[in-house]
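First the structure, then my questions, so here it is.
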Amino acid sequence: MKLFDTHAHLLDEAFDADREALIASLPGKGVVHVMECCCDEAGIDRVANLVARVPFLYGSAGVHPHSADEWTSETADHIRAALQRERMLAVGEIGLDYHYDFSPRNVQKDVLDAQLSLAKEQSRPVILHDREAHGDMMDLLRAHKDGLKGIMHCFSGSYETAKECLDLGLFIAFGGALTFKNAVRPIEVVRRLPIDRLLLETDCPYMTPVPFRGQRNDPSLCRLTLEKMAEVRGEDRETLADALYRNALTVYEITE
Ligand code: NI
């Protein structure tokens, strides 16, 4: 079984003590590719440098809504330059977070708007973060509908919202939250979505699946989310894993 964790943060300090050993262990656990997601401008070169020396890793460049107020006139060029480097494929993670509101909402919207334009100009997929901001998020995505491609990550919305994302051409990714006891709505969405638009992710070190909730998450645990997905959809694990793997290659435009 080949697994592709489409959203990880292996550069998080939670991995400082054992990052190299953990990364080296992943292929032996069936995780053959990981997308390392960038969160802020300082992370852009760190992600590109990590990806450059680990051949099964891919990377993104972008500024998370939490860091939107760090955006400067030079940030877009910094992202453009990183996207020219090896296996740097996507613009992310970008979006809106009205739960924490670490950056003012108008700044979050402007920075998302700029990065959606940049992704289109570079013809790259986006990795989207939407927390309690569905209305403004969908407005911005609709405004950028032409040429839009990518992933709605850690999806927690309704089936109707998921359907809107599908109509915009997006893939929808689920992680450990699917295994939580209160995951009624995501389970309903996973059950109803077409198999060719689903993705597997961890968002590690966060969102650790049951029964390891409370401990550090890592890409190998996306297997538990896959098992839950297969159970919910009544599908064979191997068949589903194969489909999710191919979906990840498709959305990130990887040919192998
Ligand atoms: Ni993330």
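The values are calculated or read from the model by the stated rules, or taken from the named source; none is laboratory data. Remember, it's a predicted structure, so these values are computed and weren't measured experimentally. As a convention, Cβ positions derive from the backbone with ideal geometry for all residues, glycine included, and neighbour counts pool all protein chains shown.
Filter region 83-100 for residues that are of a type outside the set (Gly, Ala, Ser), under 30 Å from VAL54 (Cβ atoms) and within 16 Å of the ligand (Cβ to nearest atom) and give the result.
Scanning region 83-100 gives LEU89, VAL91, GLU93, ILE94, ASP97.
For region 79-100, how many residues meet the condition of being over 9 Å from HIS129 (Cα atoms) and part of a strand (DSSP E or B)?
Final tally of qualifying residues: 4.
Residue-wise test of (1) surrounded by fewer than 16 Cβ atoms within 10 Å (Cβ to Cβ); (2) within 16 Å of the ligand (Cβ to nearest atom); (3) assigned to a helix (DSSP H, G or I); (4) in contact (Cβ under 8 Å) with a residue 24 or more places away in the chain.
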position	(1), (2), (3), (4)
PHE102	yes, yes, no, yes
LYS109	no, no, yes, yes
ILE127	no, yes, no, yes
ARG142	yes, no, yes, yes
THR161	no, no, yes, yes
GLU164	no, no, yes, yes
PHE171	no, yes, no, yes
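Moving to a separate point now. Checking GLU121 against (1) closer than 23 Å to THR75 by Cβ; (2) touching a residue at least 24 places away in the same chain (Cβ under 8 Å), only one condition comes out false. Which one?
Condition (2) is where GLU121 drops out.
For residues that are within 15 Å of the ligand (Cβ to nearest atom) and part of a strand (DSSP E or B), scanning just region 30-47, find the one that is surrounded by the most Cβ atoms within 10 Å (Cβ to Cβ).
Selected residue: MET35.
In addition: Kindly indicate whether any position in region 53-67 is more than 16 Å from the ligand (Cβ to nearest atom) and over 17 Å from ASP218 (Cα atoms).
yes
From the residues in region 144-159 that are surrounded by 23 or more Cβ atoms within 10 Å (Cβ to Cβ) and modelled with pLDDT of 95 or more, which one is nearest to the ligand (Cβ to nearest atom)?
Ranking the candidates gives HIS153 first.
How many residues are surrounded by fewer than 17 Cβ atoms within 10 Å (Cβ to Cβ) and either outside any loop (DSSP other than H, G, I, E, B) or touching a His at 6+ places or on another chain (Cβ under 8 Å) (or both) when one looks only at region 207-229?
3
Give the residues of region 6-29 that are within 16 Å of the ligand (Cβ to nearest atom), free of Cβ contacts under 8 Å to residues at least 60 places away in the same chain and part of a loop (DSSP other than H, G, I, E, B), sorted by residue number.
Listed by number, the list holds a single entry, LEU11.
Consider only pairs whose beta carbons are under 8 Å apart and that are at least six residues apart or on different chains; among these, list those whose first residue lies in region 40-64 and is under 22 Å from LEU26 (Cβ atoms) and whose second residue is of a type in the set (Asp, Glu) and crowded, with 17+ Cβ neighbours inside 10 Å.
VAL47/GLU36; LEU50/GLU36; VAL51/GLU36; LEU57/GLU36; TYR58/GLU36; GLY59/GLU36; SER60/GLU36; SER60/GLU93
For region 182-191, give me each residue that is without any contact (Cβ under 8 Å) to a residue 12 or more places away in the chain and either in a loop (DSSP other than H, G, I, E, B) or closer than 19 Å to ALA241 by Cβ (or both).
Result: ASN182, ALA183.
It is to be established whether one or more residues within region 192-202 are part of a loop (DSSP other than H, G, I, E, B) and within 16 Å of the ligand (Cβ to nearest atom).
Yes: region 192-202 contains one or more residues that are part of a loop (DSSP other than H, G, I, E, B) and within 16 Å of the ligand (Cβ to nearest atom).
Got a sec? Which of ALA48, ALA114, ALA14 is of a type in the set (A, V, I, L, M, F, W, C) and within 17 Å of the chain's Cα centre (by Cα)?
Residue meeting the stated conditions: ALA48.
Right, something else. If you scan region 48-63, which residues turn out to be in contact with a helix residue (DSSP H, G or I) (Cβ under 9 Å, 6 or more places away or on another chain) and either not in a strand (DSSP E or B) or not aliphatic (A, V, I, L, M) (or both)?
The answer is ALA48, LEU50, VAL54, PHE56, TYR58, GLY59, SER60, GLY62, VAL63.
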